[in-house]
Structure formats: C-alpha cells, structure tokens
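A.B. asks: Sending over a structure as structure tokens; questions will come in a sec.
Where a number appears in this text, it was derived from the coordinates with a stated rule and is not lab data. On a predicted model such as this, the values are computed, not experimentally measured, just so you know. Note: ideal-geometry Cβ built from the backbone for every residue, glycine included; neighbour counts use all protein chains shown.
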Amino acid sequence: MLDESPRRLGELSVVPEQERADLPRLRERLRQDGYLYLTGLLDPAVVLGFRQYYFGLTGSATDRASYRKVLFDQIVPGPEYGAFCAQPAIKGWFEWFLGGEPFLHKRKIIRQIAPGEDGIGTATQAHYDLVYLREGSDQVLSAWIPLGDCPVASGGLAYLEGSHHRVLEEEAAGRLKRPAASMTADLPGLADEYDARWLVTDYSAGDVVIHTAHTIHAALDNVSDDIRLSTDIRYQRSDEAIDGRWQNHWHDQDSL
C-alpha cells in the first residue's frame, strides 16, 4: 500500500497552457521533472473511438487465449493501432519537440487491466525504460496514453518524483547496469530509499504523459469497477542509435 502522507504521495504537475508552445521551457521542464504531463494533447473523440474499436474486437473473446490471439494477431499489428500511434497530434508533437525526424519504435503494446487484477504479475512494477533499451540511444522518450478516463483507482501510471536525477548519476558512474528487469514491486520501500514522493493523478481521455528513459515509474492496482486501458509507445530522433530488438511487434509469447 502506498504511504499517503504528503512526504510520500503527491500529484503530477500539468504543463500550463502558456508553456505548451515554448520549446526551450518544455525541454527544461523535462530535464528538471523527468516527465511532461500534457492534458488534452489528443482529441478525446479519437481516443474514445479507438477504445470502441478495441473492445469491438476483444469483446467476443471468451477466455485469455482467444483474447491474446485477437490482441496480437489483429490489433497490435493492425493499421488502426498504427494510425493511432502515428496520428499528427503525437508524431507531429515529437517532431517539433525533438527537432528532427521522429522514429516510432515498432514494439508497442496495449494494456488492459480489469477490476480485481492486481499484485505482482499484473500491475507494472517500478522500473525505468533504459534497462530495456540499452542497445540504442538513451534519449528515447516514452508516451503513456490512457485510452479513456483513468482515475487513480483504475491503476494509472505513477512517477517517482525526481528519480531520473539519481538514475542519471548512477548510470554515469556505472552503478546501475541493471539487467532488463523491473526494480521492485515495493513502491513504498522505493520511495523511502529515494526519499521521494510517488506522483499520481486522475487522467482523462486525451491526456498524454511523456517521460524520459531514466524516470522511474510504475502502474497502480486497479481497485475500481472499470477496465483500465492504456498504451505506451516510444519515439526518438531517427538519426540516433536505434535498439533493433524493439523493431518487431509484440507477439503472443511475450509478457505484457
């Protein structure tokens, strides 16, 4: 259970409207905070339309095996998901922010967490993305996108405040050459170790959070009555080193 004291739990900071077009300020905010919480970056109708498409295909799946077949054989490699992830509001934003041609990593996934699905093996444990992407640029940026409204109770993403600064220092010193694995499921213990707060919020359809490859984050358990649906995708400049292991679609043998 998260420690809900003000020392250990806080709220994500929204990028103010007056800063949205200020590229130097945005880059400095990302350097300082490790994330950019962009409310309403996407058209909610587009997000909800894709959500409807997703459930239209998975709704007839009666067991986990048939669900995974629909997910990995139809949705993940399908043109609808590809178009959603490369829509101008996303790809165009990355082109502007990165200052060059953006490259979308092909290995991306949709995560569906039903009420009552919780604990280790379901909720994404605390980690930072670089441990999975070491064969390419460390300037990869991840976009976490809730596919529908996602209040805290639904198990959205939580960020460990300021964690990227320590990760950057320890990576540079060679002390964090971790294997490709999560750090821990003990979120309160990690907050104590870093003397930091977990930052959470009630996400809405259309919101996007951009985070660096060094920012520690985790998903919360879904203790609501609704399905939590989200996707996480990764962009970088196309002229920087690309981790070739991430250039294939997820398939049925992969862990979600």
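A.B. asks: P(r) of the chain in 5 Å steps, Cα pairs, percent per bin?
C.D. replies: Going out from 0 Å in 5 Å bins, the chain shows 1, 6, 13, 18, 21, 19, 13, 7, 2, 0, 0 percent.
A.B. asks: Okay, next question. Decide, for the stretch 1-71, between rounded, prolate and oblate: order the square roots of the alpha carbon gyration tensor eigenvalues as a ≥ b ≥ c, take rounded if a/c falls under 1.5, and otherwise choose prolate if a/b is larger than b/c, else oblate.
C.D. replies: oblate
A.B. asks: What fraction, in whole percent, of alpha-carbon pairs in the stretch 177-231 exceed 15 Å separation?
C.D. replies: That fraction is 63 percent.
A.B. asks: Considering only the other residues whose Cβ falls under 10 Å of the Cβ of G82, what net charge follows from Lys and Arg at +1 and Asp and Glu at -1?
C.D. replies: Summing Lys and Arg as +1 and Asp and Glu as -1 gives +1.
A.B. asks: Based on the mean of other beta carbon atoms within 10 Å per residue, what is the order of 156-169, 89-102, most packed first?
C.D. replies: Ranking, from highest mean packing down: 156-169, 89-102.
A.B. asks: Now a separate question. Using only DSSP helix segments of four residues or longer, with each worth -39500 (n - 2.57), what per-residue ellipticity at 222 nm results for the chain after dividing by its residue count and rounding to 500? List each step's numbers first, then the result.
C.D. replies: Details: 7 runs with 69 residues, N = 256.
Mean residue ellipticity, 222 nm, calculated: -8000 deg cm²/dmol.
A.B. asks: Here's a follow-up. log₁₀ I(q)/I(0) of the stretch 17-123 at q = 0.12, 0.13 Å⁻¹, via Debye over equal Cα point scatterers, no solvent, to two decimals?
C.D. replies: -0.58, -0.67
A.B. asks: Please turn the phi angles of the stretch 97-109 into ³J(HN,Hα) values with the Karplus equation 6.51 cos²θ - 1.76 cosθ + 1.60 (θ = phi - 60°), one per residue in order, whole Hz, x for glycine and proline.
C.D. replies: Each residue's phi maps through the Karplus curve to give 6, 7, x, x, 5, x, 10, 9, 5, 6, 7, 9, 8 Hz.
A.B. asks: How charged is the neighbourhood of A213? Take every other residue with its Cβ under 11 Å from the Cβ of A213, and add Lys/Arg as +1 and Asp/Glu as -1.
C.D. replies: With Lys, Arg at +1 and Asp, Glu at -1, the net is -2.
A.B. asks: Which three semi-axes in whole Å describe the equivalent ellipsoid of the stretch 130-256, each the square root of 5 times a Cα gyration tensor eigenvalue, listed largest first?
C.D. replies: 24, 20, 14
A.B. asks: K108: which aspartates and glutamates have alpha carbons under 16 Å from its alpha carbon, excluding same-chain residues fewer than 8 sequence positions away?
C.D. replies: Excluding near neighbours in sequence, the set is D73, E80, D129, D232, D243, D252, D254.
A.B. asks: Hey, another quick one. Considering only the other residues whose Cβ falls under 11 Å of the Cβ of D195, what net charge follows from Lys and Arg at +1 and Asp and Glu at -1?
C.D. replies: Details: positive: R7, R8, R166, R197; negative: E161, D192, E193.
Spelling it out: positives minus negatives among the neighbours equals +1.
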